[in-house]
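See structure below.
What follows is calculated from the coordinates using simple rules that are stated; it is not laboratory data. Predicted model, so just to flag it, every value in this text is computed and none were measured. FYI the Cβ positions are ideal-geometry reconstructions off the backbone, even for glycines, and counts take in every protein chain you see.
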Amino acid sequence: MKSTTASVAEGKRSFSRLIQEANEKKREIIVTRRGKPVAAIVSYEEYERGRSAYDASYLALAEEESAIFITADRTLFGNVKEELAWVKWLGDVLRKEAVAKNLKLNF
């Protein structure tokens, strides 16, 4: 993927154009402040691809270590809960802890 840089100031002036460039031209836009990278603009497709790789690497590590994997990501949990019983959603874990300690949670 080709990348270009844009300052924060340029990003403020040209946000729509940068979004279009990232999406249509499949470019990664590195946003800089005083010459140092502070953010990146990528297409949603690239974002999801990176997120999936990130999730997969942590799931693989947990499986390799025979560990319970606790996530706050409801989408990830929903996608894998049927196949990977050792993946737990953080809300369920906290709820069980609260019940065990007789605490009240508001979620």
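If you restrict to DSSP beta bridges whose two residues both lie in the chain, what percentage is antiparallel, to the nearest 5?
Counting only bridges with both partners in the chain, antiparallel ones make up about 40 percent.
Tell me, VAL80, VAL42 in order of fewest to most beta-carbon neighbours within 10 Å?
VAL80, VAL42
State, in angstrom, two size descriptors of the stretch 59-100 derived from its alpha carbons: Rg to one decimal place and Dmax to the nearest whole number.
That works out to 10.6, 31 Å for Rg and Dmax.
Once you charge only the Cβ atoms, +1 for Lys and Arg and -1 for Asp and Glu, what is the size of the charge dipole of the chain about its Cα centre, to the nearest 20 debye?
780
Let me confirm the definition first: pairs of Lys residues in the chain, 8 or more apart or on different chains, C-alpha distance under 20 Å. How many are there?
So the count works out to 9.
Positive end of the dipole of the chain, charges at C-beta (+1 Lys, Arg; -1 Asp, Glu), about the Cα centre: which of TYR58, ILE30, PHE69 has its Cα farthest in that direction?
It is ILE30, whose Cα lies furthest towards the positive end.
Semi-axes of the equivalent ellipsoid of the chain: what are they in whole Å, largest first, if each equals the square root of 5 times a C-alpha gyration tensor eigenvalue?
For the chain, the semi-axes come out at 38, 18, 12 Å.
Considering only the stretch 3-42, what is the antiparallel percent among its DSSP beta bridges, to the nearest 5?
Percent antiparallel among DSSP bridges in the stretch 3-42 is about 50.
Near GLY11, within a Cβ-to-Cβ distance under 13 Å, what is the net charge of the other residues, with Lys and Arg +1 and Asp and Glu -1?
Local charge sum for GLY11: +2.
Could you work out the Rg to Rh ratio of the stretch 3-42, with Rh taken as the Kirkwood radius (inverse of the mean 1/r over all Cα pairs)?
Ratio of gyration radius to Kirkwood radius: 0.94.
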